[in-house]
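The values are calculated or read from the model by the stated rules, or taken from the named source; none is laboratory data. As the structure is a computational prediction, the values presented were derived from the model and not from experiment. The accessibility values were calculated without ligands, DNA or RNA, using every heavy atom of the protein model including side chains. Shrake-Rupley method; radii C 1.70, N 1.55, O 1.52, S 1.80 Å.
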Amino acid sequence: DLSHVLHLTLSSLAATLTYDTLRFGEFEDFPETSEPVWILGKEYNALTEKDDILSDVTSRLWFTYRKNFPPIGGTGPTSDTGWGCMLRCGQMILGEALVCRHLGRDWRWARGQRQREEYISILNAFIDKKDSYYSIHQIAQMGVGEGKPIGQWYGPNTVAQVLKKLAVFDTWSRLVVHVAMDNTVVIEEIKRLCMPWLDVEGACCEPEGAGELNGCPGGACALAEEETALWKPLVLLIPLRLGLSDINEAYIGTLKQCFMLPQSLGVIGGKPNSAHYFIGYVGEELIYLDPHTTQPAVDPFEDGQVPDETYHCQHPPCRMHICELDPSIAAGFFCRTEDEFDDWCMRIRRLSCNRGGLPMFELVDSQPSHMVSMDALNLTPDFSDSDRLERFFDSEDEEFEILSL
C-alpha cells in the first residue's frame, strides 16, 4: 500500500545519502597498499578492486542494536542497546553461514533490487520477534539456560553454545552447529554428527516441505536434497583464548591464515560492550562489522518482503590493529559438503606444519581419552560447567582478569 511505498522510498533515500556521503568521503581512507586484502576466503587488490571490496563487505548481513521491538519474554527489554552486541555478532556469523548455505559465497546484495526467496527467508530468521529462529528474543531466552539472565552481556563461547541449540529447530537449513571445546576439533565426532545415515534411528528423513524451500532454480548454489541426506552442512565454531589480557603475538600469523581459508566464516570477539564481527584483514589491520549502532526494529511487509537496507553496512568497513583484538574469540567455518570439510582439515594440517606461528587449536582424528563429548552423551552442560567455561573463554569475568595482572 501507499505507506509501504513511502517507507521504502524514504529508507532508500536515507540509505543513498549515507552511502554516497561515506563512499566518497571516507572510502579514500582505505589503505592504498599493494598488500592483499582478505575477506572471508576471498583475496582482493586494494589498488584496483576497491569497488569489489565494498560490494563484498556490503553483501554481508549486518546486525546491529535495535530498539522498539516486542518485549523479550513478553515483559522484558524492547531494545538490546548496551548489552546485545555479542548476540548480534553471533547473528552475523550464523547469517554468513546461511548465506553460504542457501545463496553461495559469491552472492552479492544490490540495494533496491527484488531479492530471491531464499534471501528473504534468511532475513526472516533474524527479525526481532519471538518466533524467528535466530532472533534476539530466541538467543536471549535460550541464554538463560546457559546461566545468562536476559540483558546480560555474552562472551563468544556462550553465544556459540546458544546458536548450536537454536539451529536444531531450523528444519529449513538443516545445519549442524558444532562447538569445538578444549581447543580441539575431533574429526570423527564431526563426521558422526554431519552424516545422519550413520544413525540407526534414520535421522536422514526429510523434514516436511524442506525440499521445496531449498530449491534453487537459478543454479547449483543450494544443496540438493540427496546431498544433505549424506552430509548435513557444518557450522564449526571454535571458542579460543589467544592470550591473557592481550593477544599473544605468536597467534597473529595463524589468525590471519584463518581468514584466507575458503571455508572461513570470520571471527567474533571483544570485550564487554565492544564485540565485533571480524571478516578479514589487510596488512596488520583486521576488517570488521560493528554492531554498535541502534536502529529501529524492522517489520516485514504483509507479502513477506523485508525492507532490508539497514541490514547491510553501506559504508567502508571498520578496521583495527590486530594487536588490539581481545584474546577471547570464537572462529567460525562452514563446510557444506564432506569434501569441503576434508579440504578444511587438509589446510589446517598444512598450517600447523608451518614454522613461525602457534596453532590456535588442535585437529585430531578421534576423541582423546581425557575428553568427554557432550554431543556423544547427548547432555547439556549444567550451570556450573557453563560458568566454568565462561571464566576461561570470556573476558567479562573479573576473576580471570585478576590472574592476568
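Is there a pair in Lys148/Lys191; Lys67/Lys164; Lys42/Lys165; Lys67/Lys129; Lys67/Lys130 whose C-alpha atoms are over 19 Å apart, and which pairs would that be? List each step's numbers first, then the result.
Values: Lys148/Lys191 31 Å; Lys67/Lys164 26 Å; Lys42/Lys165 30 Å; Lys67/Lys129 12 Å; Lys67/Lys130 15 Å.
Over 19 Å Cα-Cα: Lys148/Lys191; Lys67/Lys164; Lys42/Lys165.
When the Kirkwood radius is taken over all Cα pairs of region 70-165, what Stokes-Einstein diffusion coefficient follows at 20 °C and 1.002 mPa s, in µm²/s? All intermediate terms of the calculation are to be shown ahead of the outcome.
Details: Rh = 14.1 Å.
In µm²/s, the coefficient is 152.
Kirkwood Rh over alpha-carbon pairs of region 236-341, then Stokes-Einstein at 4 °C and 1.567 mPa s: what D in µm² s⁻¹, rounded to an integer?
The Stokes-Einstein estimate is 83 µm²/s.
How many Å³ per residue does the convex hull of the Cα positions in region 142-194 occupy? Before the final figure, lay out each step's value.
On the way: hull volume 4.8 nm³, N = 53.
Enclosed volume per residue, from the Cα hull, is 91 Å³.
Tell me, what is the 1.4 Å probe accessible area of Tyr281, in Å² to the nearest 10?
Taking all protein chains as shown, Tyr281 has close to 30 Å².
Accessible area of region 91-197 with a 1.4 Å probe: how many percent of it is carbon plus sulfur?
Taking all protein chains in place, region 91-197 shows 51 percent carbon and sulfur surface.
So what are the three principal axis dimensions of region 41-110 from its Cα atoms, in whole Å, longest to shortest?
On the principal axes, region 41-110 reaches 51, 26, 21 Å in Cα extent.
In Å², what does the accessible area per residue of region 302-347 work out to with a 1.4 Å probe?
Numbers: 1570 Å² over 46 residues.
Per residue, region 302-347 has an accessible area of 34 Å².
Can you pull the three principal axis extents for the Cα set of region 291-353, in Å, largest first?
Here the spans come out as 52, 35, 21 Å, largest first.
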